[in-house]
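> Below is the structure I would like to discuss, written out as C-alpha cells.
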Amino acid sequence: MKIKQDFIKRNKKIKIISNGGQPYSIPKNWQPVLSRCEILVIIPDMHMYINNSHLDNFKYGAGAMLNFLKHLDTLKEEMAFEDQTLRIYQLGDLYEQRFPGLHSANATAVEIRMSHPDYDQIVNMMNGMRTHFLYGNHDFELRHFPGFRFAALEGKVYIEHGFTPDSWKDFSNPNAALWEVGQFLFLTIKEINDFFAHLLVEAKFIEKDEFYSWGVPSGKDPVYDYPSEKDYIKNYGHCLDYFSKRMKKNPENKETKICVIGHTHHPYINTNVNKGKHIYIDAGAWTSGRSDFVVITNEELAICSYER
C-alpha cells in the first residue's frame, strides 16, 4: 500500500516531513515487513496533564489529535470492508505523570483524562480503535495496567518507547532498579515548579492557566519542521548507537529490520543503519508544539505531521 494514495488520501492536514516530503521505499527483499496488518501507525509521546494546568502543553494539539483519530477511524472502517487491517500503537508517555494524586503536583490517569471532554474522547477513541499502548518513563500508573507493554514486535518492526539508552537510564527506564528512587527527585522538582508558578499567578505576572514550566517549552506555537541530522546526532546519537547495536545483535527476532522509538521528541530517520541492513526511526512527539507520527506499510514508511 502507498502512503499518499492509501493512507493520506485527500486529507490536506497530513504532511510527510521526512525524506524531503516523500515516502521512503522499503527494500523489496525486505517485503513484507508487516505480518498482521497492511498499515501500521505509531503515535509518539503525548504527555497529557490536567487541562487547565500550566504543566500541560498537550492541550494546544488536542483538537488536531481528535481530527487525526477521526481520520484513522474512517480509514480503519474502510479497510475492514476490504479485509485489510490498520493497527495503531501509542509509544508511551501518554500522560505527564510521575506519582499519582492531586495532593501534590501530580494527578492520576483518570483525573487527567477527565480534566477535559476532549481528553476523555481522545482516550475513548484510541481504546475504540484497539490501540496498542506501550509505557514510557512518565507513565507511573500505566506500567501496572493490563494491556500496557514495554515493547512490541509487528512483523519485522520493533517498537519501544526508547528510554533504555538514555544517559540517565537508571532514572528513565521503569524496569531499572533505581527508577522509582529517581522519580522522587523529579517529583520534588515538579512541586517546586508548581510553587513558583502559583507565586507568579499571585503577582499577576502570568494568568492562572498560562503555560509555565522549567525546562519544557510551551506547545502553544506549532512546530512542523524536520530537524537536521547534525542536531540529532549531537543530542541523541547515543540512542541511534544503542539501537543500531541492538538490531545488529537481533535479540528479539532475526527478521527484525526496522526499529521505532520515541522519548526524544525529535523526529528522525536513518535508512542506512548497519550498512543498510536496518532502519532506525525516531517518531518525534505529539506535544511541545509537535504533532508527529509514523506510518509504515509493506512498501513505504514516513514520519508525518498533522497540521493544527
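> If you plug each phi of segment 270-285 into the Karplus form 6.51 cos²θ - 1.76 cosθ + 1.60 with θ = phi - 60°, what whole-Hz ³J(HN,Hα) values come out, in order, with x for Gly and Pro?
Karplus-based 3J(HN,Hα) across segment 270-285 equals 10, 9, 10, 7, 6, 6, x, 7, 9, 10, 10, 10, 9, 6, x, 6 Hz.
> Find, among the chymotrypsin sites (Phe, Trp or Tyr not before Pro) in segment 173-205, those assigned to loop by DSSP (not H, G, I, E, B) with at most 12 other beta-carbon atoms within 10 angstrom.
Phe205
> Could you tell me which helices of the chain pass both thresholds, a Cα extent of 15 Å or more along their own axis and a mean Kyte-Doolittle hydropathy of at least -0.5, with helices taken as whole DSSP H runs?
Flagged H segments are 62-81, 179-202.
> Once the Cα atoms of the chain are picked out, what are the Rg and Dmax in Å?
My reading of the Cα-based Rg and Dmax gives 19.1, 64 Å.
> Let me ask something else about it. Sorting check: for 37-50, 151-164, 270-283, which peptide has the highest mean count of neighbouring beta carbons within 10 Å, and how do the rest follow?
37-50, 151-164, 270-283
> Can you tally the net charge around Phe148? Count Lys and Arg as +1, Asp and Glu as -1, for every other residue whose Cβ sits under 11 Å from the Cβ of Phe148.
Net of charged neighbours comes to 0.
> Calculate, in nm to one decimal, what Arg308 and Val110 gain on full extension: separation in residues at 0.36 nm each, minus their alpha carbon distance.
68.7 nm
> Mind checking the full-extension length gain between Leu178 and Lys2? Use 0.36 nm per residue of separation minus the Cα-Cα distance, one decimal, nm.
So the chain would gain 58.9 nm between Leu178 and Lys2.
> Based on the Cβ-Cβ distance from Asn19 to Ser218, what FRET efficiency comes out when R0 is 22 Å, to the nearest 0.05?
0.15
> Can you give the extra length, in nm with one decimal, that the chain gains between Arg10 and Ser35 once fully stretched, where that is 0.36 nm per residue apart less the Cα-Cα distance?
6.3 nm
> Further question: Taking a cut-off of 18 Å between Cα atoms, list the lysines near Lys275, but don't count ones fewer than 8 places away on the same chain.
Lys28, Lys156, Lys245, Lys248, Lys249, Lys254, Lys257
> In a shell of Cβ-Cβ distance under 13 Å around Ala283, excluding Ala283 itself, what net charge do Lys and Arg (+1) and Asp and Glu (-1) give?
-4
> Let me spell out the model: positive unit charges on the Cβ of Lys and Arg, negative unit charges on the Cβ of Asp and Glu, origin at the Cα centre of segment 224-307. What dipole size does that give, in debye rounded to 20?
Dipole magnitude for segment 224-307 comes out near 600 debye.
Readers should treat all values here as calculations from the given coordinates under stated rules, not as data from a laboratory. Values in this document were obtained by computation on a predicted structure and should not be read as measured data. Neighbour counts run over all protein chains shown; Cβ positions are idealised from the backbone, glycine included.
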